[in-house]
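Some notes on the structure that comes next.
The values are calculated or read from the model by the stated rules, or taken from the named source; none is laboratory data. For clarity, every value in this text was computed on a predicted model and none was experimentally measured. Methodologically, a virtual Cβ is constructed for each residue, glycine included, from the backbone with ideal geometry; neighbour enumeration extends over all protein chains shown.
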Amino acid sequence: MKVLAVIPYLASTYGGTSKSVKELAREVSNHKVSLDLITTNAGYAQNFTIPVNTWLNEKNYRLRYFPCWHHNDFIVSIPLISWLFKHISRYDLVHTNTMFAPLISITHKICQLKKIPYIVTPHGMLEPWALSYKARKKQYYYNLVEKASLAKAKAIQTLASSEAKNLQSLGFKQTIVVPNGIDTQEYQELPTPEIFYQQFPHTRNKTLILFLGRIDPKKGLDLLASAFARAYRQFPNIHLIVAGPDSINFFPTVRNYFVEAGCIEAVTFTGMIKGSLKYAALAAAKVYIAPSYSEGFSMSILEGMVSGLPCIITKGCNFPEAATAQAARVVDMEPEAIASALIECLQNPDRARAMGDRARQFILDNYTWDKIAAQMKEVYQAIADNQSIPVH
């Protein structure tokens, strides 16, 4: 079985979606799926050379970049579209990732023209908050393009049960739930926090609260500023680490949230961190916090939980299963609720550590890539064979 995966971008500046797509590609290929992944060179620094128009052999799958023109999330690539017209018929099915992207909309049209079945993963782009942000443009594009393309998809992969319910309320019945996963080898043993302290020495001997994600309106950093300020007044030794890229120049607004909240002196913005520095930040942190208004299924939340951290996440993070398992504090998208959960963790460190231990085991039992890839292989096979898709 040959599968073509399509995503407009893979640069890490675009967040966890690119990471999840690459990791799924790697793991599903272990299940006798021949997978090719195509994308563009959008988002990479000008001095960072990406080979284009040629296949790169990654672990277990092939990857091909195409040159493009882009402005933030708006990406156009004539070479990618031309390649699709010529080669898409070689594949048994196509798996597209993200929404409100011209390249993905055109991919769906080519699939329809060439009679190739396709599966769509919106990655949270059709969640209520996401639809309400820049609503007029999205509503127009959705009604004109996306709605019909989704209706013709063989399946719509949602990353959480709550996302599936939201899509069903929009009239789409062919939803399936296959969540993101985690590479457990990366988290078997975290490095010493000293790596992080050497880079940011002023955080040494502080109780670190970690936010790991893009600097973006949907991430709820306005909520976090108010919540953290309340906790800071009660626990003056805490320090917030805001670790993530700013691809849309939203940082000045976010910094001002913390200035107005009166706690900017207790906040460090690290920019994007990865590799050993990211793992060291997870090792140094005492609490992980995700105050998002909307998520598909956050990779960084999985990273915080599998690292054994007590995690505070909002209902917008689409992870009610974590609350059911008592593996995280899942709270309303309000500063008061976030602050209350954070203060409780700081007041009861033993109870917080126990929640972190439950979180780690919960992820290891349910959200590893080998388990997720096996589910996706079943979905691919059912679509390729024109059979009903198994439900887990």
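Counting residues that are under 23 Å from Glu378 (Cβ atoms) and at pLDDT 90 or above, which helices (runs of 4 or more DSSP H) fully inside region 125-173 reach at least 3?
Correct list: 161-169.
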Report the residue count in region 104-141 for those that are over 22 Å from Phe66 (Cβ atoms), free of Cβ contacts under 8 Å to residues at least 40 places away in the same chain and either of a type in the set (Ser, Thr, Tyr) or in contact with a helix residue (DSSP H, G or I) (Cβ under 7 Å, 6 or more places away or on another chain) (or both).
4
Among the residues of region 124-154, how many are more than 18 Å from Ile106 (Cβ to Cβ) and within 16 Å of the chain's Cα centre (by Cα)?
5
Within region 240-274, restricting to residues that are among the polar types (S, T, N, Q) and in a strand (DSSP E or B), the one that is nearest to Asn205 (Cα to Cα) is Thr268
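When region 96-111 is examined, which residues are found to be of a type in the set (Ser, Thr, Tyr), within 17 Å of the chain's Cα centre (by Cα) and under 13 Å from Leu4 (Cα atoms)? Write out each step before concluding.
Here is the first cut: in region 96-111, the residues of a type in the set (Ser, Thr, Tyr) are 96, 98, 105, 107.
With the extra rule that they be within 17 Å of the chain's Cα centre (by Cα), the set shrinks to 96, 98.
Scanning region 96-111 gives a single hit, Thr96.
Here are Glu295, Glu265, Glu260: which of them is acidic (Asp, Glu), within 20 Å of Val331 (Cβ to Cβ) and either in contact with a Lys or Arg (Cβ under 9 Å, 6 or more places away or on another chain) or surrounded by fewer than 24 Cβ atoms within 10 Å (Cβ to Cβ) (or both)? Before you say what the answer is, go through the steps one by one.
Details: Glu265 fails: within 20 Å of Val331 (Cβ to Cβ); Glu260 fails: within 20 Å of Val331 (Cβ to Cβ).
Criteria check complete, one pass: Glu295.
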Has region 102-119 got at least one residue that is within 29 Å of Ser294 (Cβ to Cβ), polar (S, T, N, Q), surrounded by 19 or more Cβ atoms within 10 Å (Cβ to Cβ) and modelled with pLDDT of 95 or more?
yes
Only one of these is among the aliphatic types (A, V, I, L, M), at pLDDT 95 or above, more than 18 Å from the chain's Cα centre (by Cα) and under 25 Å from Tyr187 (Cβ atoms): Met355, Met376. Name it.
Met355
Output yes when any residue across region 33-43 is part of a helix (DSSP H, G or I) and either in contact (Cβ under 8 Å) with a residue 12 or more places away in the chain or crowded, with 19+ Cβ neighbours inside 10 Å (or both), and no when none is.
no
Residue among Lys218, Lys286 that is surrounded by fewer than 24 Cβ atoms within 10 Å (Cβ to Cβ), out of contact with any Asp or Glu (no Cβ under 9 Å at 6 or more places or on another chain) and either part of a loop (DSSP other than H, G, I, E, B) or not hydrophobic (A, V, I, L, M, F, W, C) (or both):
Lys286
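Can you confirm whether Ile301 is crowded, with 16+ Cβ neighbours inside 10 Å, outside any helix (DSSP H, G or I) and without any contact (Cβ under 8 Å) to a residue 40 or more places away in the chain?
Values: crowded, with 16+ Cβ neighbours inside 10 Å: yes; outside any helix (DSSP H, G or I): no; without any contact (Cβ under 8 Å) to a residue 40 or more places away in the chain: yes.
Judged against the criteria, Ile301 is not a match.
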Going by the conditions given, is Val306 β-branched (Val, Ile, Thr), under 17 Å from the mean Cα position of the chain (by Cα) and modelled with pLDDT of 95 or more?
yes
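On the basis of being modelled with pLDDT of 95 or more, outside any strand (DSSP E or B) and closer than 16 Å to Ile338 by Cα, does Arg233 make the cut? Break it down into steps so the answer makes sense when it comes.
On the way: modelled with pLDDT of 95 or more: yes; outside any strand (DSSP E or B): yes; closer than 16 Å to Ile338 by Cα: yes.
So Arg233 fits the description; yes.
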If I filter region 271-279 for residues that are closer than 18 Å to Leu224 by Cβ and among the hydroxyl-bearing types (Ser, Thr, Tyr), do I get at least one hit?
no
Residue pairs, Cβ under 8 Å, 6 or more apart or interchain, first in region 81-103 and assigned by TED's automatic domain parsing to the domain that holds Ala148, second of a type in the set (Gly, Ala, Ser). List them.
Asp92/Ala384; Leu93/Ala384; Val94/Ala5; His95/Ala5; Thr96/Ala5; Asn97/Ala5; Leu103/Ser77
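I'm trying to understand the selection: among the residues of region 11-32, which are in contact with an Asp or Glu (Cβ under 8 Å, 6 or more places away or on another chain) and either under 25 Å from Ala384 (Cα atoms) or without any contact (Cβ under 8 Å) to a residue 12 or more places away in the chain (or both)? Lay out the reasoning, then the answer.
Our first condition is that a residue be in contact with an Asp or Glu (Cβ under 8 Å, 6 or more places away or on another chain); within region 11-32, this holds for 14-15, 22-23, 25-27, 30.
Answer for region 11-32, where residues must be in contact with an Asp or Glu (Cβ under 8 Å, 6 or more places away or on another chain) and either under 25 Å from Ala384 (Cα atoms) or without any contact (Cβ under 8 Å) to a residue 12 or more places away in the chain (or both): Lys22, Glu23, Ala25, Arg26, Glu27, Asn30.
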So, in region 1-21, of the ones that are over 12 Å from the mean Cα position of the chain (by Cα) and surrounded by fewer than 21 Cβ atoms within 10 Å (Cβ to Cβ), which residue ends up nearest to Ile110 (Cα to Cα)?
Lys2
